[in-house]
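Structure record follows, encoded as C-alpha cells.
Since every read-out is calculated from the coordinates, none of them should be taken as a lab result. The structure displayed is predicted, hence computed values, not measured ones. Here Cβ is always computed from backbone atoms with ideal geometry, including for glycine, and neighbour counts include all displayed protein chains.
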Amino acid sequence: MSEIRLNGVHHISCITGDAPGNVEFYSGLLGMRLVKKTVNQDDPSVYHLFYGDEKGSPGFDLTFFEYPGASRGRAGAGMVHRILWRLPSAESVSYWADRLNAAGVGSEATQADPRLAGTGIDIGEAGLLFADPEGLEHEFLVYAGEEEPLVPLHSEVQLEHAIGGFHGVLAYSASTEGTEQVLSRALGFEDLGDGAWSVVADSRSGVYLLDPPPEERQLAGAGTVHHIAWATRLEDQDEWQSHVTGSGLYATPVIDRFYFRAVYFREPGGVLFELATRGPGFATDEDPESLGERLSLPPALEPLRDQVEPALKPLPDVTQWRPLVP
C-alpha cells in the first residue's frame with residue numbers, strides 16, 4: 001500500500017419499497033436526520049434518501065434507494081447482512097430497547113461479538129439486535145473508544161442516548177480467501193483474526209466481519225444492503241481508482257455524484273464496494289440548517305425538476321422532528 005488510506009465507512013446504501021414508511025422509521029423512530037432527499041442519479045424516477053448525523057458526516061450516512069412496492073429481499077452470499085451502530089452507554093441500550101418496544105418493534109439483547117475486541121466496542125456490555133419493517137438487520141453496541149460520536153438532534157430522542165455513527169458491518173462472502181486478499185493487499189485493512197478486519201486513518205475507523213453464508217441464495221430486494229462505501233480523501237480519489245484497477249479488480253472510472261466522487265468495484269466475495277470522497281458534502285446545494293427538507297437535484301437533473309418531482313410520492317414532513325433549540 002502507498003500512503004493513501006481509507007477512513008472507515010463512508011456510507012451504506014440499502015433498498016426500500018416504501019419511502020414514506022422508511023422516513024417514519026429512520027427519522028421518526030431512530031432519530032436520524034434526513035440530510036438529503038434526492039433521486040437515484042442513474043434512475044431519477046425513484047428516491048435516494050440519505051440519513052445521517054446533524055452535519056451529514058461520512059461515518060453516519062445510511063442511504064436508501066426506493067423501488068416502490070419492491071418485494072422483501074434476503075441476505076445471502078455476496079451481501080452485507082447486518083449494520084453495526086455505536087451507542088454511548090449501556091443505559092442507551094436500555095433506552096432504545098424501551099423506545100423500540102413502545103413502537104411495537106421487536107428487539108433482543110445480544111452479547112457483542114468477541115471479534116470486535118480492540119475496536120472500541122465494550123465487549124462486556126450487551127448490545128441490541130432489531131430489524132426495520134422490511135427486515136434490514138441492525139445491532140446497537142456500546143462504544144468506549146476515542147472517536148468523536150456523530151450525533152443527530154431530534155425532538156423526541158434524548159441527546160445522551162443518540163446513535164453515534166457506524167461501527168461497521170457483518171457480511172457473507174462467497175469467497176472468504178478472495179475477499180481477505182483484497183482487504184489486506186488492495187485496501188489496507190488490518191487482519192484482526194477469525195474473519196474480522198479493520199481499517200482506520202485520520203479520525204474514523206470501520207470494521208468488516210466475514211460470516212459463513214447461509215445455504216439459501218441471496219435475493220436482492222427491500223430490506224437488503226445494496227453496497228458499502230469506504231471513505232477517502234478527495235485528493236486521493238484518482239490514485240485510488242488506479243490502485244484498485246492495478247490490483248487486478250475491475251473498477252469504474254471516478255464518477256461525480258455531486259456530493260462526493262465515487263469509484264465502484266465488486267470484491268471477489270461478491271459484495272459491491274464503493275470508495276467515496278469525504279467532500280464536497282451535502283451542504284453544497286442546501287443550507288446546513290435545512291438539509292433534507294426539499295427535493296435536491298444535482299445540476300444535470302435540475303432542468304428536469306418539473307418532470308421528476310411530480311412523479312415522486314409525498315414523504316413525511318421531517319421538520320416535525322427537528323429540535324426547537326439545537
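Below, the figures for the structure above:
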{"read-out": "Filtered residue count, the stretch 156-176, keeping only those that are assigned to a strand (DSSP E or B) and either buried (at least 24 other Cβ atoms within 10 Å of the Cβ) or of a type in the set (Asp, Glu) (or both)", "value": "4"}
{"read-out": "Selection from the stretch 77-97 of residues that are in contact (Cβ under 8 Å) with a residue 40 or more places away in the chain, among the polar types (S, T, N, Q) and assigned to a helix (DSSP H, G or I)", "value": "Ser92"}
{"read-out": "Positions within the stretch 98-114 being assigned to a strand (DSSP E or B) and touching a helix residue (DSSP H, G or I) at 6+ places or on another chain (Cβ under 8 Å), in sequence order", "value": "Ser107, Ala109"}
{"read-out": "Answer residue from the stretch 263-307, given it is among the β-branched types (Val, Ile, Thr) and touching a helix residue (DSSP H, G or I) at 6+ places or on another chain (Cβ under 9 Å) and is nearest to Tyr51 (Cα to Cα) among those", "value": "Thr277"}
{"read-out": "Leu153, sole failed condition from (1) over 20 Å from the mean Cα position of the chain (by Cα); (2) surrounded by fewer than 17 Cβ atoms within 10 Å (Cβ to Cβ)", "value": "(1)"}
{"read-out": "Qualifying residue in the stretch 59-76 (condition: charged (D, E, K, R) and part of a loop (DSSP other than H, G, I, E, B))", "value": "no"}
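So that you can scan it fast, the table gives a plain yes or no per residue for (1) of a type outside the set (Gly, Ala, Ser); (2) out of contact with any helix residue (DSSP H, G or I) (no Cβ under 6 Å at 6 or more places or on another chain):
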position	(1), (2)
Arg5	yes, yes
Asp18	yes, yes
Met32	yes, no
Phe64	yes, no
Ser71	no, yes
Gly76	no, yes
Met79	yes, yes
Pro88	yes, yes
